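No value in this document is a laboratory result; all are computed from the given coordinates. Computed from a predicted model, the values in this text were never measured in an experiment. With ideal geometry, Cβ positions are generated from the backbone for all residues, glycine too; neighbour counts draw on all protein chains shown.
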Ligand SMILES: Cc1cc2nc3c(=O)[nH]c(=O)nc-3n(C[C@H](O)[C@H](O)[C@H](O)COP(=O)(O)OP(=O)(O)OC[C@H]3O[C@@H](n4cnc5c(N)ncnc54)[C@H](O)[C@@H]3O)c2cc1C
């Protein structure tokens, strides 16, 4: 029943394309390759979305920040890919996020005018990318009264604001899982707990992390999408990651917040902290940019200084400051930044496709928003380099599993017994429930109830995580298929449900 599995038992030993890494980049490559008619094995040493892809700000950027740096091409590419995600491939996993930039009495008129001009340019990018204003409304000035209505937590010195719109993901790890599942549905072999040990022209050595056994794989093309670990697998590619940290707050720490806030960092001209409410009631506050030397850890940890910076910067702009005691959780991710490119966080969003002397194609950098384009470029290089016969890329027109038009999704959510499942699985919501019923025999009421007090994830999602999304243990379920693990207290409360889901569903999967 499951389309994605742990380990390498019965995995193919000969394929057209081997993809290493199942973050958004590797999952995108697997989908691109299989949709061109190629046979694919895609592996991750740990799990889907184990690396940077689950630690993002979960935004689908329109490229405004690159315009500010004069990177018009990168900005346009970002806006185009945002449009494709929101309009074609993943309307179910994306929505328009209203973002308010408060104009404070302390902010000079020139800076305010500069910011207004920037948002106008951002909207021009949207128009150039042909994303309709019904999907992402035009930015507009709002009064002090409206600003306080949208964000009652703002201080009294606010004299108005600029309200703009960008894309927001339901969740970054959910996007990765959905891309991987779409690839699996088309025939790609997706394996977690399978580590690449050696990559060569036309062959690779993989280790099944569930058994410790090594497997030799013959692959006509090898793609290295191992993110900040990509340099460990090929010569002459060196990364110098930069860490970005977010706080996780419960909604009641910032009561009444209806929009995301973009708060200028005092004393800096174009650096901001974003306060971003999530659909499940949490609020993420980020982010930082700290260069990291030495080997990349499996799971990066925020520093105390970063946590203090985010609390202090945000609190300065609010009428009721919050403190470290209000922080329910935090997370940090490493931007896969090529050393040659310097340390700017903006440069890291530009992607690179590099073919090493022995023919391994490495794709690195970029961002979640542009994963489709990165995959297309990587596959173009792999197909040409290996002389493969393949169809042209079609992923810009290939909806991910569960996708439908916004109107159809709204109708479905209105009729569904679980709008949450529609939000996270789109038209696959009924499949999630049906699969959960089948393996558990439990009534819908029990399957759709939050798994613990104040934790909105449902038992149906946990069961589906095992039956259809390759979840292998409690960590996969709580930290990646759902994001319950972002708050340690919630994670502890949900753990018994995750254990029960594994016992019930694994009996069917095996
Ligand atoms: C703090 C932060 C915020 C961000 N916010 C946004 C945002 O809001 N919007 C946006 O568009 N982008 C954002 N980005 C950028 C985006 O998150 C990354 O560019 C993207 O997730 C990188 O994905 P990846 O697949 O290349 O790498 P990863 O997600 O790190 O995937 C690499 C995978 O390779 C696996 N792996 C490593 N070594 C091996 C091996 N030997 N064998 C097998 N597997 C291996 C790892 O387990 C991992 O799962 C953000 C980045 C950061 C750091």
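Brief remarks on what is shown
- Cα long-axis angle, helix 371-386 against the chain (0 to 90 degrees, to the nearest 10): 30
- Note on 107, 117, 86, 374: ascending count of other Cβ atoms within 10 Å places them as 117, 107, 86, 374, the fewest first.
- The gain in end-to-end length when the residue 475 to residue 218 segment is fully stretched comes to 89.4 nm, 0.36 nm per residue minus the alpha carbon separation.
- Distance between region 1-32 and region 477-491 - C-alpha centres, whole angstrom: 25
- Förster radius 41 Å - calculated FRET efficiency between residue 128 and residue 236, Cβ distance, rounded to 0.05: 0.65
- Our estimate of slack between residue 143 and residue 252, defined as 0.36 nm per intervening residue step minus the Cα-Cα distance, is 36.8 nm.
- Label point of residue 394 set 7 angstrom out along Cα-Cβ; within region 1-34, amide nitrogens under 20 Å from it belong to 16-17, 27-34.
- Counting every C-alpha pair in region 406-509, the share spaced more than 25 angstrom apart comes to 14%.
- Label-to-label distance, residue 499 versus residue 110, with points set 7 angstrom from Cα along the beta-carbon direction: 6.3 nm.
- P(r) weight above 32 Å for the chain, C-alpha pairs, percent: 40
- Computed from Cα positions, the angle between helix 429-440 and the longest principal axis of the chain comes to roughly 60 degrees.
- With semi-axes defined as the square roots of five times the eigenvalues of the C-alpha gyration tensor, the equivalent ellipsoid of region 358-417 measures 35, 14, 8 Å, largest first.
- Remark: relative contact order (region 97-212) = 28 percent; criterion is Cα-Cα distance under 8 angstrom and separation of 6 or more residues.
- Using the Cβ-Cβ distance between residue 9 and residue 438 with R0 = 25 Å, the FRET efficiency computed as 1/(1 + (r/R0)^6) comes to roughly 0.60.
- Residues 148, 200, arranged from fewest to most other Cβ atoms within 10 angstrom of their Cβ, appear as 200, 148.
- Stokes-Einstein diffusion for region 54-165 at 37 °C, viscosity 0.692 mPa s, with a Kirkwood radius from C-alpha pairs, works out to 219 µm²/s.
- Ordering 25, 177, 313, 395 by the number of other Cβ atoms within 10 Å of each residue's own Cβ, fewest first, gives 313, 395, 177, 25.
- Taking 0.36 nm per residue of separation and subtracting the current Cα-Cα distance, fully stretching the chain between residue 449 and residue 121 would add 113.6 nm.
- Under 15 Å from the residue 157 label point (7 Å along Cα→beta-carbon), backbone N, region 73-104: 102-104
- Rounded FRET efficiency, nearest 0.05, which uses the C-beta distance separating residue 430 from residue 210 and R0 of 35 Å: 0.65
- With eigenvalues of the C-alpha gyration tensor scaled by 5 and rooted, region 211-298, Å: 38, 19, 12
- Angle in degrees between helix 488-509 and the longest Cα principal axis of the chain, rounded to the nearest 10: 30
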